[in-house]
Structure formats: C-alpha cells, structure tokens
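Chemist: I have a structure here, written as structure tokens, and I will follow up with some questions on it.
Read-outs: derived from the displayed coordinates by stated rules, not from any lab. No experiment lies behind these values; they were computed from the predicted model shown. Neighbour counts are summed over all protein chains in view; Cβ atoms, including those assigned to glycine, are modelled from backbone coordinates with ideal geometry.
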Amino acid sequence: MAKKIKTLRFDTDWQYDPAPESASAAKINAQYDLFIDGRWQKPQSGKYFETINPANEKTLSRVAGSNEKDVDRAVRSARQAYEKVWKKMAPAERGKYIFRIARMMQEKARELAVIETLEGGKPIRESRDFDVPTAAQHFFYYAGWADKLDYAFPNKKVAPLGVAAQIIPWNFPLLMAAWKIAPALATGNTVVLKPAETTSLTALKLAEIIQEADLPHGVVNIITGAGKTGVAMVNHPDVNKIAFTGSTEVGKIIQHSIAGTNKRSTLELGGKAANIVFEDAAIDQAVEGVVNGVYFNQGHVCCAGSRLYLQESIAKEFIQKLKDRVATLIVGDPMDKNTDIGAINSKNQLDTILKYIQIGKKEGSAIYQPACSLPKKGFWCPPTLFTDVAQSNRIVQEEIFGPVLAILTFRTDNEVIEKANNTPYGLSAGVWTDKGSRIFNMTRRLRAGVVWANTFNKFDAASPFGGYKESGFGREGGLHGLTPYLEII
Amino acid sequence: MKRSSPAQILPDFRRTRVVDQTGIEERAARFTKRSIKQSSKRQALDQVLSMIDLTTLEGKDTDQKVRHLCYKARHLHDELCNIPTVAAVCVYPNFVRVAKKALEGSSVKVASVATAFPSGQSTRAIKLADTRFAVSEGADEVDMVISRGKFHAGEYNFVFDEIAAIKEACGKARLKVILETGELGSFDKVRRASEIAMYAGADFIKTSTGKIQPAATMPVTLVMLEAIRDFYYKTGKQVGMKPAGGISKSKLALHYLVMLRETLGQDWMSNEWFRFGASSLANDVLMQIRKERTGQYQSAAYFSVD
C-alpha cells in the first residue's frame with residue numbers, strides 16, 4: 001500500500017461557468033415613499049437615503065427616511081384601522097386576506113428573491129430556496145390560525161392587543177417581515193413595520209403586494225429609516241406592542257425605554273450557538289451541518305452555530321474534513337446560481353467581522369481561509385475557521401455575525417454542556433450523535449431556545465423560535481407565536 | 001518477519017462509521033442545485049461519455065448482439081467529430097473473447113461480470129473458476145458481486161476473504177466490487193460493505209448489478225464516495241467508483257459529476273477512477289453534445305440503438 005498520504009485537490013480542471021440569475025426579473029423603482037394608510041406618502045422629513053447592492057456598491061434605489069411625525073402618522077393610521085375595521089372583522093375574513101398575501105408572494109417569488117439578493121448580498125440560491133418560500137409559508141401557516149384561536153386557547157378568551165410596532169433586521173429582510181406581520185394580523189392586530197436601513201426593498205415590495213391584495217387601509221404600514229425611526233416607534237405612546245429582532249445592545253435600550261409603560265414586547269436578539277459533535281456522530285453529515293450552520297447567509301444569522309465543540313478523539317479528522325468542504329464553497333457574485341457565500345451586507349458589518357478576525361489572530365488562534373479570489377468592489381469575507389481556540393477567547397464569547405467559526409474541543413458530556421451554556425446568549429444549539437439517549441440528555445440541559453439534533457438551521461412556520469438569557473424572550477412561529485399578540489383571559 | 005504498517009491493520013467491520021440518512025440525502029440533493037452551463041457543460045458531457053461502461057447483461061445475449069454493442073462502442077455517432085469513446089464494454093464471461101476481438105486496436109476495455117452474477121449464490125470454487133475464465137478470455141476488468149446473504153448474516157470475514165480471493169484470481173485485471181446496494185437496506189450497511197470491499201483489495205466499488213431496484217442513487221453513491229475518501233486518507237490508496245443502473249439522462253449524469261468533483265476532487269475526474277454503468281445514457285449524452293454544438297436537438301431516431 002502507498003505510504004504517502006496525499007490530500008484531495010479541489011482546484012479541478014473542470015470549473016463551473018457563471019450562471020447568473022437575471023436582475024431584470026425584478027422591478028425596482030428609483031425612489032420609494034412611505035406606505036401609510038394604504039397609500040404611498042411622501043415623508044414629512046423630506047429626506048431620502050440611498051440603498052446599495054453590497055456586491056458592487058452600486059445604488060439600487062432611494063428610500064424615504066421617517067422622522068417622528070412620519071411615525072406618528074403611521075401609528076395613527078394603524079390605530080384607526082384597528083378600531084374601525086380590523087378588530088371588528090370576522091376572523092375568517094382576516095384569514096382570507098392573509099392567504100391572499102401568501103399566494104401573491106408565491107406568484108412574485110422570483111422577483112422577491114432577486115431583490116433580496118441584490119440588496120442583501122445573500123446567494124440567489126438561498127433567497128430562492130429558503131427566504132422567499134419560508135416567508136410565504138409563514139403567511140400560509142398563520143392565515144390558518146386566524147379563525148381558530150378559540151381552539152388554540154381552549155377555555156380561554158382571547159383578544160388582540162392593538163397596534164404593534166415591529167422592527168426587523170437586515171439578515172433576512174423579507175422572512176423577518178413575514179415572521180412579524182403574519183401572526184400580528186392573524187390575531188387581529190394592526191402593524192407599523194420598519195425594515196433595517198440597508199435592506200428596505202423587499203419590505204416595500206411586500207407593501208406593494210399588500211396594496212394589491214386590497215388589505216384594508218392602515219392595517220399594515222411600512223415605513224423606512226434608520227435607528228432614530230425605530231426609537232420613535234418604540235416611544236410612541238399609542239403603541240401596544242413592540243416586536244424587535246436585532247442586536248442585544250438595542251434590545252436592552254428598548255427594555256429601558258418601555259419600562260413603566262404597559263407596552264408588551266418580544267425581543268429576538270443575538271446568539272453564539274454551540275454546535276456539538278460527539279465521536280459517534282455521522283461525521284460527514286456533521287461536517288455538512290457545521291458548514292451550513294455557520295456559513296449560511298454569510299454567517300449573518302442570530303442562531304448561527306459559531307462555536308464548534310468537537311470531541312477530542314475526532315477533532316483532527318473532523319477539522320481536515322471541514323477544510324476540504326470549505327475549499328469547495330464558491331464565494332462571489334450573489335446572483336450566480338452556483339454561489340454558496342455571497343457579499344457581506346454592509347461596510348459596517350464587514351469592519352466588525354474583520355476586527356474580530358484580527359482579534360482571533362492576536363489571541364494566538366490558528367486561522368484557515370480557503371484560497372479564493374474575491375471581487376474588487378463590494379464587501380467580502382471568505383469562510384474562516386479558527387482552531388486552537390479556548391473558552392476564554394473573545395471570538396468564542398462575542399457574537400461576530402459573519403462567516404467565522406471558532407473550533408474548541410471537549411472530552412465528556414458534562415464538560416461540553418458546561419462550556420456550551422457558558423455564554424450570555426441562549427438562542428440555539430446543535431447536537432450531533434448517533435445515540436438517542438444522549439440527544440435527550442443534551443437537549444434537556446442545554447439552555448437554548450432551539451436545539452437541533454443531527455441537523456442545523458432548520459426552520460418551519462409551525463415550530464417556535466426564540467431565546468433564553470440575553471438572546472431575548474417571547475417566541476415566534478407555531479402556536480407559541482400567537483401568544484405575544486394576544487390578551488389571554 | 002515483516003512488521004505490518006498501520007495501514008495494513010484491518011478495522012473492526014462491526015464498528016464502521018454510521019451515516020445519517022436525512023443528512024446524506026440533503027447533501028446529495030444540494031449537488032443538483034449546481035447550474036452547469038456553456039463550456040463547462042460541453043466539457044462535462046465529453047467527460048461523461050468517456051466514463052461510460054456500455055453494458056449488455058441479458059439472458060438473451062448472443063455473439064452477434066455483443067459484436068453490435070462493440071461496434072457501437074467504437075463508433076458512437078460518427079457524424080460528430082472529436083468525441084471520446086466510452087470506457088469499456090461490459091458483458092458476461094462467455095462473451096469476453098467476442099468482445100475482445102471486436103474491440104481490438106481500440107482503447108475501449110472489456111469488462112466482465114463474474115462470481116455467479118447477479119445473485120452471487122454459488123460456491124467459492126465456482127466463483128473463482130468464473131473469474132479465472134473471464135480473465136483468461138482477456139477481460140481487462142472484472143465486476144464481481146459480494147455475498148449479500150453472508151453479509152446480512154454478519155459473516156464479514158467470509159465476505160472479505162471472498163473478495164480477497166477473487167482479487168488474487170484477477171491477476172492484472174482491475175476488480176470492481178458490486179455491493180448491490182438495493183439489497184443492503186440501509187446507508188450504514190452500504191458504508192460497511194464499502195469498507196470491507198476496499199480493505200479486501202477492490203480497485204473499484206460499484207453500486208448495483210442493474211437487476212435489482214433501486215439501483216444507483218445519488219445518496220447511495222455519496223455514501224460510497226465518502227467511504228472512498230476516508231479510505232484514501234487512512235491508507236493513501238485510491239479506489240474508483242462506479243454507480244450502475246438507473247442513470248439514463250445526461251442531466252443526472254452531470255449531477256453525479258458535480259458530486260464527484262466536490263467530494264473527491266481532481267484526482268478522480270477520469271475514467272480511470274469513475275465509471276457510469278449504463279446502457280441508454282450514451283445516446284442521451286450524444287444527443288446533448290449535438291445540441292450544444294449545433295444549437296438544435298435531433299430526434300432520437302438519428303442515434304443508433306445498439
């Protein structure tokens with residue numbers, strides 16, 4: 001037998017030619033106003049800001065900035081629609097509207113996917129196969145609940161809360177809009193929603209769909225702007241409910257702001273998920289799960305499996321396999337159907353990620369990045385993994401929100417549970433083992449809102465999602481996702 | 001006495017690595033998302049054609065039928081210039097001599113099934129005689145079947161020894177070991193059978209005889225490719241892969257090629273290390289090649305059916 005162990009070569013003679021999706025599949029206006037009271041209205045701020053394609057830094061459109069007056073107008077519109085129309089409407093009728101929105105999203109799936117990719121930087125394969133279908137599924141799911149709330153909460157009386165102010169992040173713009181709007185409407189609330197300032201366009205497209213669906217005016221209002229707009233929404237006295245997905249830092253500010261008011265809130269914040277691989281796991285499938293767990297959507301995922309815990313006996317082999325797999329990832333043009341890792345969403349976020357990569361190097365960890373040529377324009381970061389990492393390293397403790405994986409090792413079940421729970425966050429975790437009893441033991445003891453077993457980053461509208469500790473509170477999705485929008489007596 | 005190197009220490013085949021069904025199916029499906037266009041498609045189609053083992057394994061095979069197939073192997077579609085030939089013609093042992101003669105002077109190899117193909121239900125002596133006969137008739141490659149009954153009964157040493165004995169009987173001929181994955185029942189067992197075959201000396205591992213459904217699927221092929229990869233890392237020895245049965249369309253063949261490229265990489269991207277066992281795939285590939293060259297599809301009636 002040959003003695004010299006060679007390595008696998010993935011720089012093959014056979015390469016894939018570019019297979020770009022057509023940008024012309026999407027219609028993007030040069031400028032967008034605010035969607036308030038069922039109409040497009042000029043912002044009273046008089047201001048517009050540019051939104052760009054992070055893959056080439058070209059301007060895509062100009063979007064209105066909302067000030068306090070705009071927020072007030074949107075909230076008043078939502079209040080009026082709530083009192084006069086939406087709360088009085090028969091639940092089955094509300095359900096019809098939500099079903100209609102879901103169907104129209106499916107009809108416009110290609111356009112929505114293209115815009116999501118152009119503005120967000122995520123690979124078209126993900127927008128097409130994950131973001132848009134999952135968002136539509138969420139509307140379908142909650143449409144079904146609209147006239148069945150009595151069955152959801154037997155022997156109780158339920159009532160809507162009123163006006164919900166919803167603030168969503170830039171990592172899954174359309175999907176997060178769906179997560180927020182669908183349960184709010186199904187439970188009889190009206191909505192003022194603000195997308196993140198770098199990713200407004202699919203929310204505005206959704207506003208067009210809502211307009212076309214003939215939803216009663218003011219039931220959903222979509223306003224754009226930066227952090228200050230969000231502050232005005234949170235502080236508006238006529239808002240009954242705050243739903244926020246974003247950073248833990250902002251989540252804490254929101255909690256301060258609404259202390260002493262009777263506003264309800266759900267916060268879905270940061271994470272630093274542990275992905276734990278035991279020596280008896282199906283190793284190749286675990287490698288795949290780890291890759292999807294941390295590099296999905298460039299790592300811009302609050303539940304990303306960014307801390308990998310490997311049982312020591314398999315660590316060396318696992319890391320070798322992980323490097324092989326990462327070497328086959330295609331980084332580049334998000335519009336190319338073969339791209340696995342697209343552009344980082346913004347310059348700001350890229351700076352954060354690069355800062356943490358520097359910190360990782362300074363802390364003495366070994367870095368691995370595959371050789372790949374990155375485009376000159378735009379914001380890019382190759383998939384990165386760090387080995388020789390310890391629990392006390394900052395890249396293990398702090399959320400990076402990028403394609404950066406920190407790899408640690410462990411010896412026993414108890415040790416890894418202690419280490420996995422040793423974080424201020426508690427959003428998600430992953431366990432990879434062939435042993436059923438170990439899965440139950442781990443899932444019971446891991447303090448995380450979602451624990452995946454032998455898979456990762458799986459989402460379904462019927463399944464609740466949310467965190468422990470500084471990852472926030474309240475659940476979205478499933479039956480659980482109804483309660484934060486209801487008074488239950 | 002020569003001390004054995006670590007590579008020669010055999011693993012415990014009762015404890016081979018497990019495979020997660022959901023995970024392997026998802027990974028296999030992911031390869032089908034690659035979009036193969038333009039020159040990468042033309043290059044891949046040529047490659048697929050060169051990897052085909054053109055096969056006839058029927059009770060009604062005759063010398064004439066085998067000669068016709070060999071003629072097809074040498075003249076796939078003479079209207080098209082600069083296309084590769086297939087890798088081999090695969091026949092029963094009693095047709096090896098006919099095939100060998102018909103392919104004389106070409107680069108197309110003759111592969112013969114052996115070992116009481118397809119069931120493998122016979123004695124060691126008969127299987128060895130079957131193999132020696134095929135090789136003496138001039139077979140360049142031998143496609144054997146494993147004893148699935150013994151494998152299910154947990155008699156891994158029996159299965160291992162049988163493969164090792166057949167390998168020895170093959171001499172210079174390359175040995176392809178057919179696991180008949182459609183009879184194994186789980187991915188874990190496919191993985192186990194792959195390891196037994198490779199450690200026993202297989203030059204290739206092959207999914208199926210083509211006589212049992214399901215034959216080759218992408219997930220089952222991926223399990224075997226991953227076993228090949230692990231074996232390579234452990235021993236440094238390269239083993240080939242042959243999915244057989246059920247691959248009749250170019251598009252599916254391109255998905256397999258993507259899977260091969262992203263699992264084992266450059267060193268396996270030739271017909272020395274990867275084959276498609278198929279009879280009707282060649283014509284579909286030819287049809288696609290012609291379409292890529294001329295921009296138009298030609299009807300199936302223009303492609304010979306031998």
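Chemist: Contact order normalised by length for region B:22-292, with contacts defined as Cα pairs under 8 Å and 6 or more residues apart; what percent is it?
Modeler: This gives 20 percent for region B:22-292.
Chemist: So, one more: Restricting things to alpha carbons, tell me how big the protein assembly as shown is in terms of Rg and Dmax, in Å.
Modeler: 30.1, 95
Chemist: Tell me which residues come under 5 Å, amide H to amide H, from B:A244 once H is placed; ignore anything under 5 positions away on its chain.
Modeler: B:T207, B:S208, B:A216, B:G277
Chemist: Going by average Cβ density within 10 Å per residue, which order do the peptides B:242-248, A:297-303 take, highest to lowest?
Modeler: Result, highest mean Cβ count within 10 Å first: A:297-303, B:242-248.
Chemist: To continue, here is another question. What ranking do B:M269, A:M176, A:M442 get, fewest neighbouring Cβ atoms within 10 angstrom at the top?
Modeler: B:M269, A:M442, A:M176
Chemist: Another one. I'd like the mean, over residues of B:26-39, of how many other protein chain beta carbons sit within 10 Å of each residue's own Cβ.
Modeler: For this peptide, the per-residue mean of nearby foreign Cβ atoms is 4.
Chemist: Note the full-extension length gain between A:S24 and A:D147 as 0.36 nm times their separation in residues minus their Cα-Cα distance, in nm to one decimal.
Modeler: 40.3 nm
Chemist: Count charges around A:Y425 for me, please; just the other residues with Cβ under 15 Å from its Cβ, Lys/Arg as +1, Asp/Glu as -1.
Modeler: Charge balance near A:Y425 sits at +2.
Chemist: Kirkwood hydrodynamic radius of region A:32-93 from all distinct Cα pairs, in Å?
Modeler: This gives a value of 13.6 Å.
Chemist: Angle between the Cα long axis of helix A:436-445 and the longest principal axis of chain A, 0 to 90 degrees, nearest 10?
Modeler: Roughly 60 degrees, rounded to the nearest 10.
Chemist: Hey, any idea what the orientation-averaged projected area of the convex hull of region A:239-318's Cα atoms comes to, in nm²?
Modeler: If you wrap the Cα atoms of region A:239-318 in a convex hull and average its projections, you get 7.1 nm².
Chemist: Over all Cα pairs of region B:233-306, how is the pair count split among 10 Å bins, expressed in % and running from 0 up to the last occupied bin?
Modeler: For region B:233-306, the pair-distance distribution reads 17, 41, 29, 10, 3.
Chemist: In degrees from 0 to 90, rounded to the nearest 10, what is the angle of the helix A:312-327 Cα long axis to the longest principal axis of chain A?
Modeler: 70
Chemist: Next question. I'd like the mean, over residues of A:403-413, of how many other protein chain beta carbons sit within 10 Å of each residue's own Cβ.
Modeler: What the average comes to for A:403-413 is 0.
Chemist: Quick one: compute the contact order of region A:274-453, relative version, from alpha carbon pairs under 8 angstrom and 6+ residues apart, as a percent.
Modeler: Once normalised by length, the contact order is 29 percent.
Chemist: Averaged across A:106-117, how many Cβ atoms of other chains sit within 10 Å of each residue's Cβ atom?
Modeler: Mean partner-chain Cβ count within 10 Å for A:106-117: 0.
Chemist: Report the relative contact order of chain A, percent, no decimals, based on alpha-carbon pairs under 8 angstrom and at least 6 residues apart.
Modeler: 18
Chemist: Normalise the Cα radius of gyration of region B:175-227 by 2.2 N^0.38 Å (N = residues in it) and let me know the number.
Modeler: This ratio for region B:175-227 stands at 0.99.
Chemist: Ignoring everything except DSSP H segments at least 4 long, calculate the 222 nm mean residue ellipticity for chain A; use -39,500 (n - 2.57) per segment, divide by total residues, nearest 500.
Modeler: So the helix-based figure for chain A works out to -11000 deg cm²/dmol.
Chemist: Further, regarding this structure: Quick check on region B:22-292: take the gyration tensor over C-alpha atoms, sort the square-rooted eigenvalues as a ≥ b ≥ c, and tell me if it's rounded (a/c under 1.5), prolate or oblate.
Modeler: Oblate.
Chemist: Then there's this: Give me the percent of DSSP beta bridges within the protein assembly as shown that run antiparallel, rounded to the nearest 5.
Modeler: Taking every DSSP beta bridge with both residues in the protein assembly as shown, the antiparallel ones total about 20 percent.
Chemist: Ok, one more. Please list 3J(HN,Hα) in residue order for region A:468-485, calculated via the Karplus relation 6.51 cos²θ - 1.76 cosθ + 1.60 where θ = phi - 60°; whole Hz, with x for glycine and proline.
Modeler: Result, ordered by residue: 9, 6, 7, 7, x, 8, x, 10, 10, x, x, 4, 4, x, 7, 4, x, 10 Hz.
Chemist: Just check region A:274-453 against the gyration tensor rule for me: Cα atoms, a ≥ b ≥ c as the square roots of the eigenvalues, rounded for a/c under 1.5, and otherwise prolate or oblate depending on whether a/b exceeds b/c.
Modeler: prolate
Chemist: Could you work out which residue, out of B:I126, B:I289, B:I166, moves most in a Gaussian network model of chain B, that is, has the largest mean-square fluctuation with Cα springs under 10 Å?
Modeler: B:I126
Chemist: If the only charges are +1 at each Lys and Arg Cβ and -1 at each Asp and Glu Cβ, what is the size of the charge dipole of chain A around the Cα centre, to the nearest 20 debye?
Modeler: The calculated dipole for chain A is roughly 740 debye.
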